[in-house]
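The structure under discussion appears below in the form of structure tokens.
The values are calculated or read from the model by the stated rules, or taken from the named source; none is laboratory data. The structure displayed is predicted, hence computed values, not measured ones. FYI the Cβ positions are ideal-geometry reconstructions off the backbone, even for glycines, and counts take in every protein chain you see.
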Amino acid sequence: MRQSDSVTVLRELYASEINVRFESVWDAGIHWRVGDEYNGYVGTGAAEDWDSAIYEAADYASGYYEHSGFNAWWWSGARSNYWPKPDAPTDQERIGKYPSPRNPTE
């Protein structure tokens, strides 16, 4: 993901009023959380780099907030545009790790 792509994803999350928090931990990657300390965190995770952390948090947020404008934007093509890496998780791989925006029970 290019820097401008990462910023666009963060701006879309912000525009949809979805709170995300990132923390860099030396030698432990980038930790992310969806939610906030006032209303609680609804999802957490860690990734090896910033782009992966932003993608994972965005993917989680899209599933949790399935009726948000962000979810509509993410699944209208943004997800594949912003995550072109060959090792990106497929829908089947992400089931169980993150809630599915298409079927919250997955």
### Pick from segment 64-76, criterion out of contact with any strand residue (DSSP E or B) (no Cβ under 6 Å at 6 or more places or on another chain) and in a helix (DSSP H, G or I), ranking: surrounded by the most Cβ atoms within 10 Å (Cβ to Cβ)
Trp74
## Note on the structure
Among Ser6, Ser16, the single one that is within 15 Å of Ser52 (Cβ to Cβ), polar (S, T, N, Q) and either under 16 Å from the mean Cα position of the chain (by Cα) or at pLDDT 95 or above (or both) is Ser6
### Query
Just to be sure, is Pro99 at pLDDT below 90, touching a Gly at 6+ places or on another chain (Cβ under 8 Å), exposed (fewer than 15 other Cβ atoms within 10 Å of the Cβ) and over 16 Å from Arg11 (Cβ atoms)?
no
### Message
Looking at Arg11, Arg33, Arg21, can you tell me which residue is buried (at least 17 other Cβ atoms within 10 Å of the Cβ), over 17 Å from Ser80 (Cβ atoms) and free of Cβ contacts under 8 Å to residues at least 40 places away in the same chain?
### Response
Arg33
### Query
Looking only at strands (runs of 3 or more DSSP E) that fall completely inside segment 3-63, which ones have 2 or more residues that are small (Gly, Ala, Ser) and over 19 Å from Trp74 (Cβ atoms)?
40-47
